[in-house]
Amino acid sequence: MLRDSFGRLVDYLRLSVTDRCNLRCLYCMPPEGIPLKPVEEILTYEELLRCVRVAVSLGVRKVRVTGGEPLVRGGVVDFIRRLSAIPGVADLGMTTNGIGLAEVAGALRQAGLGRVNISLDTIRRDRYAEITRRDRLPDVISGIDAAVREGFSPVKINVVLLHGLLPGEVDDFLGMARDKRVEVRFIERMPMGCLPSEGYVSADRIRDRILSLPGVREARSEEPSAAVRYEVRGFAGTVGIISPISRKFCSDCNRLRITADGRIRNCLFARETLDLRSVLRRGRGDREVAAIFRKAVITKPEGHDLCAGGGSPATEPMSRIGG
Ligand code: SAM
Ligand code: SF4
């Protein structure tokens, strides 16, 4: 078992499988994109599978595939099939922008993917094109519908609260949770990426709106969750709020991240990362791979020092870390 120096059990690994993306979200990437790592610096699927096997032998049971945009990397369905076949991977999820999901949702489900998180910050087509710099909203909606149809459970919709979220857009998403079997989660934007921290918007305003709905009640979660979830009478789905800044959840953090270029990041906001790729490529045995995971866990910081409107921004773009 991987237990950090603050007693937290670390059993969740997030894999960024690419730093490439087909969108250019305002808060994540500049219009021209970020300088991409050369392909040879990106971990191969074989290397990622080996990392997961070792991590599982140490007690990891939950794995999430992210990016960049994971669906733009060739062979991702087969990778999911191989990941899900690793004994001990009890919970396998993906975070995606949903573009292209309609075409592969069935194949991903069959390959053993259980959960899918789809990032979507507005359901107004013009706003979507503004925020992501691409006019692809209909593809995302088809992706969400396909994910629900294929029986992913849950299908989460991640809404990053941007500076200037229009009040009516909260209701757009409440409408989505009413009509579709999805879990809409409003997420406070973290001061990283390309926008200054003045863009920070508290989730409290949204919480007030949710709590004003008739028949609303806080949902009980069976597992530790960063989100506070609400069920609303008559809704097919649920709504939730993630507030990494105004309500810190570091004390429950159970995660390690592997960046697309093979570094272990033990906190989203850590200044230092551990060079896993060199260990993998120097022909070291699994014992040494395990040792670097242990080191990442033992040096995991207690928490971040962000506060609303300030704090230390993360040192690299989310598209490389994976969110
Ligand atoms: N491309 C995929 C997607 O958008 O879902 C996966 C990678 S993306 C980096 C993962 C998540 O990070 C997305 O939900 C995105 O909204 C979120 N994200 C990116 N930049 C962020 C920021 N500055 N603050 C909070 N969340 C951010
Ligand atoms: Fe791409 Fe996801 Fe970043 Fe948007 S948030 S630019 S979809 S990696």
When ligands, DNA and RNA are left out and all protein chains stay put, how many square angstrom of accessible area per residue does the chain have with a 1.4 Å probe?
43
Gyration tensor (alpha-carbon) shape descriptor, the stretch 36-101, a/c threshold 1.5:
oblate
For T273, other-chain or 5+-apart residues with amide H closer than 5 Å (H placed, Pro excluded) are none
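Return the tail of the calculated pair distribution for the chain, meaning the percent of Cα-Cα pairs more than 31 Å apart.
Details: 14226 of 52003 pairs.
Of all Cα-Cα distances in the chain, 27 percent exceed 31 Å.
Per the helix-only calculation at 222 nm, which mean residue ellipticity applies to the chain, given -39500 (n - 2.57) for every DSSP H run of n ≥ 4 and division by its residues, nearest 500 deg cm²/dmol?
On the way: 10 runs with 98 residues, N = 323.
That comes out to -9000 deg cm²/dmol.
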Residue by residue through the stretch 7-22, what is 3J(HN,Hα) from phi via Karplus (6.51 cos²θ - 1.76 cosθ + 1.60, θ = phi - 60°)? Round to whole Hz and write x for glycine and proline.
x, 7, 7, 9, 9, 10, 10, 10, 10, 8, 8, 7, 9, 8, 7, 8
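Antiparallel DSSP bridges in the chain: what percent, to the nearest 5?
Numbers: 11 of 43 bridges.
Looking only at bridges with both residues in the chain, the antiparallel portion is about 25 percent.
Apply 1/(1 + (r/R0)^6) to the Cβ-Cβ distance of D275 and D145, taking R0 = 41 Å, and write down the FRET efficiency to the nearest 0.05. Working shown, then result.
On the way: r = 42 Å, r/R0 = 1.01.
Working from the Cβ atoms, E equals 0.50.
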Residue by residue through the stretch 252-257, which ³J(HN,Hα) values in whole Hz follow from phi under the Karplus form 6.51 cos²θ - 1.76 cosθ + 1.60 (θ = phi - 60°), with glycine and proline marked x?
9, 5, 10, 10, 10, 10
Out of all DSSP beta bridges in the stretch 114-189, what portion is antiparallel? Express it as a percent rounded to 5.
0
Taking amide hydrogens as modeled 1.01 Å from N in the peptide plane, which residues meet the under 5 Å criterion relative to L2, leaving out close sequence neighbours?
V10
Proximal lysines to K62, defined as alpha-carbon separation beneath 23 angstrom and excluding residues fewer than eight positions away on the same chain
K156, K248, K295, K300
Got a number for carbon plus sulfur as a percent of the chain's accessible area, 1.4 Å probe?
50
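The values are calculated or read from the model by the stated rules, or taken from the named source; none is laboratory data. Nothing here was measured: the structure is a model prediction, and the numbers come from that model. Neighbour counts run over all protein chains shown; Cβ positions are idealised from the backbone, glycine included. Heavy atoms of the whole protein, side chains included, go into the accessibility calculation; ligands, DNA and RNA do not. Shrake-Rupley method; radii C 1.70, N 1.55, O 1.52, S 1.80 Å.
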